[in-house]
Structures are given as C-alpha cells and as structure tokens.
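Participant: Before we start, here is the structure in question, set down as structure tokens.
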Amino acid sequence: MEENAGNLIRGLRQKLGMTQEEFAHEIAVTVSTVNRWENAHAEPSKLAWKAIQDLARKRGLPTTSLAPLSRTDVSADLRSPSALPQSTTSACRGRRRRPADPHAPPRAPHRARRVE
C-alpha cells in the first residue's frame, strides 16, 4: 500500500481505535473532511496536521511515522502569526448550505410590504 497522507491518517485513526466521527471531533474538523483525506480527495492543512500530531502525542503514539509532518515542520511554521488563517474557527468548522430540494414547490417571490 502506498504511503500517502490518506493512508497515514487512516492508519493512525485505526491505531487509536477511533471512528471517522470520533477522530473528526477530536481534531475539530467535519467527518466529510476526514473522509476526503483518507480517500485522497484532499490534503490536510498545516494547522490540521498540527492537530493530528497533537492528538497522536496526547494518546501516546509516536509521531515520527507521520511523514508529512516531518517534511513540513509544522511547529516552526505555526510560530509565525502570518502562517495562521485570519479566522481559524471558520476555516475548521465552516457550514455548507444544503442544495435546494428539486421536488419542493416553487417559493413565492418576496414582496415588500406597503407602508401607508
């Protein structure tokens, strides 16, 4: 099996005995984000790698097996304020709007009330 970020994350999660939902909750991301990482549809950000590394360390697992962490030197990058996004909460926990229901009846147009 090829050692990519998704496989590393899946392996770590399985070593921790966690579901994707539990893992996502621990590192403050959505379940779909963890799923996209594990299936190689997306890569974790430096901030996410830091959270993953902290979780592994907290649970007593060696972080040396997390190869992308050693290549990007997360701890050095996170010391500089410019490396962090302006709003870390919206970057980690953004809400997506649901698509409109194609079977729902059309909505009435908005009408301004007339003030007399």
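Here, each number is a calculation from the coordinates, and none is a lab measurement. Owing to the predicted nature of the structure, the values given are computational and were not obtained by experimental measurement. Here Cβ is always computed from backbone atoms with ideal geometry, including for glycine, and neighbour counts include all displayed protein chains.
Participant: Restricting to segment 34-51, count the residues that are out of contact with any helix residue (DSSP H, G or I) (no Cβ under 6 Å at 6 or more places or on another chain) and crowded, with 17+ Cβ neighbours inside 10 Å.
Facilitator: 2
Participant: Quick one: in segment 24-33, which of the residues that are more than 15 Å from A5 (Cα to Cα), in contact with a helix residue (DSSP H, G or I) (Cβ under 8 Å, 6 or more places away or on another chain) and without any contact (Cβ under 8 Å) to a residue 60 or more places away in the chain is surrounded by the fewest Cβ atoms within 10 Å (Cβ to Cβ)?
Facilitator: Checking each candidate, the answer is V31.
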